[in-house]
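The structure under discussion appears below in the form of structure tokens.
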Amino acid sequence: MHYFIQGIFVIVGLLAILASLFNWNWFFTAQNTQFIVRNVGRGRARLFYALLGILMIATACYFFMEVQTTLKK
């Protein structure tokens, strides 16, 4: 179950990074992203989602390492 949740974090993180790199219109016009885009503009929203994607992938890696050390004990 841990690996499934970690995989979701990685997939969503990659989606956010790819959307920010390629400036996907469908991503930034979605209802869920409009709050950020309206308040800070599209350029800063792209930066925000890139950082959010990196944070999600880093979180998945951290939890992966924690699960591995817990299983070794």
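In order along the range 62-73, phi translates into HN-Hα couplings of 4, 5, 4, 5, 5, 5, 5, 5, 5, 6, 6, 6 Hz, rounded to whole numbers, per the Karplus curve 6.51 cos²θ - 1.76 cosθ + 1.60 with θ = phi - 60° and x for Gly and Pro. Using the Karplus relation 6.51 cos²θ - 1.76 cosθ + 1.60 with θ = phi - 60°, the per-residue 3J(HN,Hα) values for the range 22-31 come to 9, 6, 5, 5, 5, 6, 7, 9, 5, 4 Hz, with x marking Gly and Pro. Taking a Cβ cut-off of under 15 Å around I36, the surrounding Lys, Arg, Asp and Glu residues balance to a net charge of +4, with basic ones at +1 and acidic ones at -1. Expressed per residue, the C-alpha convex hull volume of the range 10-72 stands at 78 Å³.
Only DSSP H runs of four or more residues enter the estimate; each adds -39500 (n - 2.57), and after division by the residues of the chain the mean residue ellipticity at 222 nm equals -28500 deg cm²/dmol.
Only the coordinates and a few stated rules stand behind these numbers; no lab work does. Please read these numbers as outputs of a predicted model, since none were measured by experiment. Here the Cβ is made from the backbone with ideal geometry for all residues, glycine too, and neighbour counts use every protein chain on show.
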